[in-house]
Amino acid sequence: MLSGGLQERHARLLRWLLISGWLALIVSLLVPASPLPGNRIFWGSVVPSGLLVIAAISHEFWRRLCPLAFASQLAHALGLQRSRPGKGKRPELVLIKPDSWLGRHHVQLQWSLLIAGLCLRLLGGNSDPIWLAVWLLVTLLAAVAVGWAFGGKSWCQYFCPMGPVQTVLTGVRGPLGSPAHVGAPSKITQSMCRTITAEGQERSACVACQSPCLDIDAERQFWQNLVRKRGLAWAWYSYPGLVLAFFTLMEWSGHGASQLVHPLGYIRSGQWALDRELVSRAWQPLPHLTPLPRLLVIPIALTAAAWLSVIFWRGVEGLLRRRGNREGLPAAGDRAVLRSRLLASFVAINTFFWFVDPLQGLLGVNGGQVVRSLVLLLTSLGLYRAWGRDPATYRRESTSESLRRQLRDLPGLEPALDGRNLDALSPLEVFTLVKAMPAVGELQARRVYGEVLVDMLRSGRLDQAQSLLDLQELRQSLQLDDEDHHAVIDLLAKEHPELLGRNRFERQGDDLRRELALTNLEDFLLRHGFSVFDAAALNPRQRQELERLRLASGLPEPAWESVLRQFGPQGELERQQLEPLRAVWLEEAGLLAWLDGQLSEDGLLRPLQRVLALRVGGLQRQLAPRLDAAGLDPLPPAVAPAGDLRRVFDLLWRDPDPDTAAWVLMLERQRHPEAVAWRLQDPRPGLASSPFLQGQLRGDATVDEALLAALTGWKMFDDVLPAGLLWLAQRGTVRQLPAGEPVMEKGTISDHLALVLGGDVQVLVGSDETVLLGPGRAIGEIGVLTGQPRTATVRAGADGCRLLTLPSASFEDLLRRSDSFSRSLLSQLALRLVDATRKVAA
């Protein structure tokens, strides 16, 4: 929830601030007699604040900001990550394989490092600034080294002692965490690795360094690691005992140094950070406990507390399992594991904050109680949210998301929804909807079932071995049986054999790496102006960049070549992009054909027809060569009229030109005033605005609409867009002159031209000859073109005239805006030249 609202550019800034603070803290610890209480700040505020964010809010926020995670990506950012020769001797990114020793035992390694760190803290690290500075520096360098040696967030996933702690504290999902498998607005979920493209958009940067991954879908990781993850159950159940034992030993370690009366005075007062004799007491026994030195007692005590905690919580798990079996609860074993782990996490984090106040007394003596109460409230909320979860619920929700995508294109969807939004339906309602749709016959049902199966197999949310059982509810909703399932599997074996020969973790990793490669290649093509991928068109620098992208993706050579082919002229992605573009062109061409038939009755539609014609023509010029290169059918030479005025208005309301949208609103106010209120609720988010559009939105008459109507009726302006007509109306001045009134005088400066809107004008040629010019004719244009004084006198006709005058400074702009005006002007000049030639000949 919080992470989803944090933009990557802001997250980068926060990460830089945190890493700068980390380095500043190291420097302050190394400065003799530094006034900054570094030990107390780090152990008393920084570490508790991180745990507070993870446990009481969401893991997503912390995982995106952790300074060590940021440091581990330094080699990747500099393009210096280690690689090794792959197939064809081409370098490949080094990833930790799930079946390697580290891939199988990393939880035990991380938990051992955590216990070792707790021991060292109790033996002197709490108060010794040099020890803490060395620890912070070594940890930072270790994160950088691991980031160089292995791709992705391998430091976080396989080495950092806080990695399993985050898993334990997160559980199914944090109290304020967002679900990744339901209603996610994009493929970038939770704390997933991401980058920023050249266009400023956030894209996935995941290379599948671990699958399933806490950063992508915490609940999927929880259920898939429920019993399979080596060492996780022991670490989870040991955590409450470790927390309690750590603070108990910490308090006992301070006995003799502390004179405080409060039983927790040594911890809550922060005196441990000032106890510089703690290291020297490492060989001394704990008072009144054992004669053995603390150096032995502390590791033994922590380990024993961890084992006792494991034994206790395994007993709780067994008790919950037996109770669930007696009550006949579905998945009683999985529910027992879930609830016992949730309780263990709840107890551990609240025990931690019983001893610790991350505010360090900033809110007075009751400040710690405020924090403890807040933690108790939020973790109780998290416990309540997750208590009723089970694998079947998660599976139904996850399946419903794939099912929604397949239902969108089915006929009969709108009547079945009965006015509701498909995305607003609950997972159970989605399954019920399928039963209510008459259009879902047997063949259609098999197609939908197959596409859902492919989607879930590819994303690693389903195993082929478990698919018959896991998708039973979906088959019932689609009225399919087990034989249909087997038939679909047989078809998949022919069409997608790669999905059926690997386990879900391998498929999920391949899917994530492939998604990263597709994202990076798409961004690469956009930045360099390519519509499709053509290796022969790349220059040496672009080839080097492409090789870096291949290395960063982590894909083997055959998979990378497959991705490249998808971006080729006949690739799958090109075809996927062309089909919707073809559909858009066909719809807009049909609307254009319909609109052409309306122009004789309504001239105000002409500017919109011109806009639509430009859209259709531009898209046609773009599509024609791409369709030919892709081997697809060409666009038809003619399209039958289809649509209505409302559809034209809906389409052009979203035109990038705000004046086109304003023209739509102006016509809608005249023809369909009842639709204006609905239009005003759609404010064109992300699109430009203009004074004309703002005036139309307010209902103000910012231009002379009668003048616009007159201009659209002239053939000389039949190619001018709404913005051009508005420019003309705003630059010009309308004049109404009575009969005989002078319009232009011979010999005066040619500082403007005029267009006859109504009536006529008399052009005095010679001493006794008069030429009448009516509406749609231009006068004074020769003087403006040549810069010479007027060559004739012009007066208003017998019935007067209505003129639109334009200053000479706007004349060239008008010629550029309208080819039709230029042609009309040339035609008028040619006719005058012919008349003059005839008179000379006579």
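Can you tell me the FRET efficiency between L785 and S600 if r is taken as the Cβ-Cβ distance and R0 is 25 Å, rounded to the nearest 0.05?
Details: r = 34 Å, r/R0 = 1.34.
For R0 = 25 Å, the calculated efficiency reads 0.15.
For a quick check of understanding: with a 1.4 angstrom probe and all protein chains in place, what accessible area in square angstrom does W148 have, to the nearest ten?
Solvent-accessible area, nearest 10 Å²: 120 Å².
For segment 662-707, count the residues as N, evaluate 2.2 N^0.38 Å, and divide the Cα radius of gyration by that value, please. Walk me through the intermediate numbers first.
Values: Rg = 10.5 Å, N = 46, 2.2 N^0.38 = 9.4 Å.
So the Cα radius of gyration is 1.11 times the expected 2.2 N^0.38 Å.
In nm, give the distance between the simple-model label positions of R408 and D813, each being 7 Å from the Cα along the Cα-to-Cβ direction.
For the pair R408/D813, the computed spacing is 4.3 nm.
Which of the trypsin sites (Lys or Arg not before Pro) found in segment 42-109 are loop residues per DSSP with 14 or fewer other Cβ atoms within 10 Å of their Cβ? Walk me through the intermediate numbers first.
Working: sites: R63, R64, R82, K87, K89, R104; in loops: R82.
Passing sites in segment 42-109 are R82.
What does the charge count near S238 come to, summing +1 for each Lys or Arg and -1 for each Asp or Glu among other residues with Cβ under 13 Å from its Cβ?
Surrounding charge for S238 is +2.
Based on Cα coordinates alone, diagonalise the gyration tensor for segment 100-144, multiply each eigenvalue by 5, take square roots, and list the semi-axes in whole Å, largest first. It would help to have the intermediate numbers written out before the result.
Working: eigenvalues 116, 41, 4 Å².
Result for segment 100-144: semi-axes of 24, 14, 4 Å.
List the residues whose amide H sits under 5 Å from the amide H of D657, counting only those 5 or more places along or on another chain, with H placed 1.01 Å from N in the peptide plane.
Hits under the 5 Å cutoff: none.
On a full-extension model of 0.36 nm per residue, what is the gain between Q108 and D628, subtracting their alpha-carbon distance, rounded to one decimal in nm? Write down the numbers at each step before the final one.
On the way: separation 520, 0.36 × 520 = 187.20 nm, distance 5.79 nm.
Using 0.36 nm per residue and subtracting the Cα-Cα distance, I get 181.4 nm.
Ranked from highest to lowest mean number of other Cβ atoms within 10 Å per residue, what is the order of the peptides 240-246, 654-660? Present the calculation step by step, with values, prior to reporting the outcome.
On the way: 240-246: 22.9, 654-660: 17.9.
Per-residue mean Cβ counts within 10 Å order the peptides as 240-246, 654-660.
Please compute one quarter of the surface area of the Cα convex hull for segment 712-818 and express it in square nanometres. Walk me through the intermediate numbers first.
On the way: hull surface 25.8 nm².
Average of the hull's projected areas for segment 712-818 equals 6.5 nm².
Any chance you could look up the accessible area of H10 with a 1.4 Å probe, heavy atoms only, rounded to 10 Å²?
My reading of the accessible area for H10 is about 90 Å².
For segment 701-773, state the average projected area of the convex hull of the C-alpha atoms over all orientations, rounded to one decimal in nm².
On the way: hull surface 25.1 nm².
Averaged projected hull area, Cα only: 6.3 nm².
Among the aspartates and glutamates, which have Cα under 17 Å from the Cα of K715 when same-chain residues fewer than 8 positions away are ignored?
Straight-distance partners of K715: D596, E601, D602, D819.
Identify the GluC sites (Glu not before Pro) of segment 587-617 meeting these criteria: DSSP loop state and at most 13 other C-beta atoms within 10 Å of the C-beta.
Details: sites: E587, E588, E601; in loops: E601.
Those that pass, being in a loop and sparsely packed, are E601.
List the aspartates and glutamates whose alpha-carbon lies under 19 Å from that of K89, not counting same-chain residues fewer than 8 positions away?
E545, E547, E557, E561
What fraction, in whole percent, of alpha-carbon pairs in segment 114-167 exceed 16 Å separation?
Details: 725 of 1431 pairs.
Counting pairs separated by more than 16 Å, the tail of P(r) holds 51 percent.
Could you sort D596, D390 by their accessible area in this structure, using a 1.4 Å probe and putting the largest first? Don't skip to the end; give the middle numbers.
Working: D596 75, D390 10 Å².
Listed by decreasing accessible area, they come as D596, D390.
Please compute, for the alpha-carbon atoms of segment 1-145, the extent along each of the three principal axes and give them in descending order in Å.
Extents along the principal axes, in whole Å: 59, 37, 30.
The values are calculated or read from the model by the stated rules, or taken from the named source; none is laboratory data. On a predicted model such as this, the values are computed, not experimentally measured, just so you know. Don't worry about glycine lacking a Cβ; one is built from the backbone with ideal geometry, like all the others, and counts go over all protein chains shown. The protein model used for the area step is the full one, side chains on, heavy atoms only, and it has no ligands, DNA or RNA in it. Shrake-Rupley method; radii C 1.70, N 1.55, O 1.52, S 1.80 Å.
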